[in-house]
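The values are calculated or read from the model by the stated rules, or taken from the named source; none is laboratory data. The structure displayed is predicted, hence computed values, not measured ones. Quick reminder, even Gly has a Cβ in these numbers, built from the backbone with ideal geometry, and neighbours come from all protein chains shown.
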Amino acid sequence: MMNIIQKKLEKSKGRLEVKIKDQNLQKLYQQGSLKALMPDFHENLKQLMLINTAGGITSGDEYDYEFEIDNSNLCISTQAAEKIYSGYGNPANLKINLNLKNNSTVFWLPKELILFNNCNLKRKIDFNLSKDSNLILCENIIFGRTSMKEIFEKGYFSDFWNINFDDKLIHSEAVNTNLIEKKNLNSFSTLNNNSAVATIIIVGKKFLDNIDDLSDILTNNENTNSNYSNWDNKLIVRLLSKDSYNLKFAIDKILSYFFEGSKIPKIWNI
């Protein structure tokens, strides 16, 4: 009789801690496959690039991000799209905690999160803002890499977000299901045969005082649909698109509006 040897697969882990105060980097702690760079693009806005040297995420991986932004303005993005590969067993865990203090402004603009077939991910995002801080958060999720003709059939994806403003919870949303299947995503009440979705959440007086003409720049055509709502000291824009290519054009128009004619930071476009 043959003896079957079960090998424990190697998993990727990482922790990143960043503290920026008065526009200066105070702390940068990097562990495992999580890294960060602050490229000098000779632009007015400081920019922080997040890097996962593992090249993607799969079952059992563990990632933990901790940010403290104090009296500073910053754009945070990722080096590339975060790819969530197929996997079995325990889901990968991704935790993000961002604290804004003392009149800080953060543009949270990671590149797309791509869910591959049989993905297995649990994500938790917590943002905490002081009453004089401002935030633009843009998260976009792609179901399957459509540019490579890859089709998303099913996978596990649990996603929880909390946003606190002046110590009060002003926004919470969740995607939590044991199994996401293509047939469920294609109904009119979900993705309606689209494969790319984005949520933009805007908090803070700096941005909310300038939304009168926002409806004029929203994209609504055969490839992309978008709309927004504004209540409870926040603005939420939802976008649904055929693919990531068309989605990015629609997002760019909205970001350009809030950058008030200035160029969108290079870290988002490269």
Counting only residues that are among the polar types (S, T, N, Q) and surrounded by fewer than 22 Cβ atoms within 10 Å (Cβ to Cβ), which one in region 62-76 is nearest to ASN120 (Cα to Cα)? ASN73
Matching entry among ASN221, ASN246 (being farther than 26 Å from ASN162 by Cα, assigned to a helix (DSSP H, G or I) and either modelled with pLDDT of 90 or more or β-branched (Val, Ile, Thr) (or both)): ASN246
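Of the residues VAL175, VAL237, VAL203, which single one is at pLDDT 95 or above, under 25 Å from ALA80 (Cα atoms) and under 19 Å from the mean Cα position of the chain (by Cα)?
On the way: VAL175 fails: at pLDDT 95 or above; VAL203 fails: under 25 Å from ALA80 (Cα atoms).
It is VAL237.
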Hey, could you check region 68-80 for residues that are part of a loop (DSSP other than H, G, I, E, B) and polar (S, T, N, Q) and say which is nearest to ILE180 (Cα to Cα)? GLN79
Residue, surrounded by the most Cβ atoms within 10 Å (Cβ to Cβ), within region 213-232, restricted to residues that are touching a residue at least 40 places away in the same chain (Cβ under 8 Å) and out of contact with any strand residue (DSSP E or B) (no Cβ under 8 Å at 6 or more places or on another chain): ILE217
Could you tell me how many of the residues in region 104-137 are on the phi > 0 side of the Ramachandran plot and either at pLDDT 95 or above or among the aromatic types (Phe, Trp, Tyr) (or both)? 0
Which residues, counting only those in region 86-103, are in contact (Cβ under 8 Å) with a residue 40 or more places away in the chain and either part of a strand (DSSP E or B) or surrounded by fewer than 21 Cβ atoms within 10 Å (Cβ to Cβ) (or both)? SER86
Yes or no: GLU173 outside any strand (DSSP E or B), under 30 Å from PHE116 (Cβ atoms) and among the acidic types (Asp, Glu)? no
Single residue of LYS83, LYS27 found to be within 28 Å of LEU179 (Cα to Cα), among the basic types (Lys, Arg) and either part of a strand (DSSP E or B) or out of contact with any Leu (no Cβ under 6 Å at 6 or more places or on another chain) (or both): LYS83
Which residue, of ASN192, ASN246, ASN186, ASN210, is touching a residue at least 40 places away in the same chain (Cβ under 8 Å), exposed (fewer than 15 other Cβ atoms within 10 Å of the Cβ) and closer than 19 Å to ILE142 by Cβ? ASN192
